[in-house]
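S.K.: Quick one: structure below, then a few questions.
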Amino acid sequence: MLPLVVERLAFLKKLTHIPIAFGERLYSRWDFHPYLDAGVVDVIQPDPSHAGGITECRKIATMAETYGALVAFHCPLGPIALAACVQLAAVTHNFLVQETSLGIHYNEGLELTDYLLNPEVFALDQGFVQLPRAPGLGVQIDEEVVREAAHTARKDWFNPIWRSDDGSVAEW
């Protein structure tokens, strides 16, 4: 759902007992505050790639904790973003679950771990990823693969629009 107005989410919240997750398109703690203050969101989804990076996302998560909201960091953009999310998850008391785009349909041609010298850092073990122990975010970027991808990338790329069978927008 696009960030709209608090009143619309309040109306939706009254219609369901299902927890509402929201926020991948909000960019600061000030954007999240009205939704948390109104009690209309149960799980916030800040994206470190968009919401001011690690520090701002940590502040957003801490603010959400004071409202009793959980955190599921949004992460579709690559191995560096995922590494940042894993590090954030490790220090977030109200962390719920980590989104990842590993193995998802829009990674055509290259998997996110193909950009890493140490792809095993994101190996799943019973649904969990171990906290990386290497310096920084714990990932080592394969710069050669990144350069090659930059040369072969489509210059006319745009966000894909996926549609359901009825023609409605399924994502984005």
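Read-outs throughout are calculated quantities, based only on the coordinates presented, and are distinct from any laboratory measurement. Please read these numbers as outputs of a predicted model, since none were measured by experiment. Don't worry about glycine lacking a Cβ; one is built from the backbone with ideal geometry, like all the others, and counts go over all protein chains shown.
S.K.: Please go through the stretch 105-119 and pick out each residue that is exposed (fewer than 11 other Cβ atoms within 10 Å of the Cβ) and either outside any loop (DSSP other than H, G, I, E, B) or in contact (Cβ under 8 Å) with a residue 12 or more places away in the chain (or both).
M.R.: Correct list: 106 only.
S.K.: Only residues that are crowded, with 22+ Cβ neighbours inside 10 Å and in contact with a Ser or Thr (Cβ under 8 Å, 6 or more places away or on another chain): list them for the stretch 37-52, please.
M.R.: 51
S.K.: For the list (1) in contact with a Phe, Trp or Tyr (Cβ under 7 Å, 6 or more places away or on another chain); (2) under 16 Å from residue 68 (Cα atoms), I need the number of the one condition that residue 19 fails.
M.R.: (1)
Residues are listed down the side, and each one gets a yes or a no for (1) surrounded by fewer than 18 Cβ atoms within 10 Å (Cβ to Cβ); (2) in contact (Cβ under 8 Å) with a residue 12 or more places away in the chain; (3) hydrophobic (A, V, I, L, M, F, W, C); (4) outside any loop (DSSP other than H, G, I, E, B):
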| residue | (1), (2), (3), (4) |
| --- | --- |
| 54 | yes, yes, yes, yes |
| 61 | no, yes, yes, yes |
| 74 | no, yes, no, no |
| 102 | yes, yes, yes, no |
| 121 | no, yes, yes, yes |
| 139 | no, yes, yes, no |
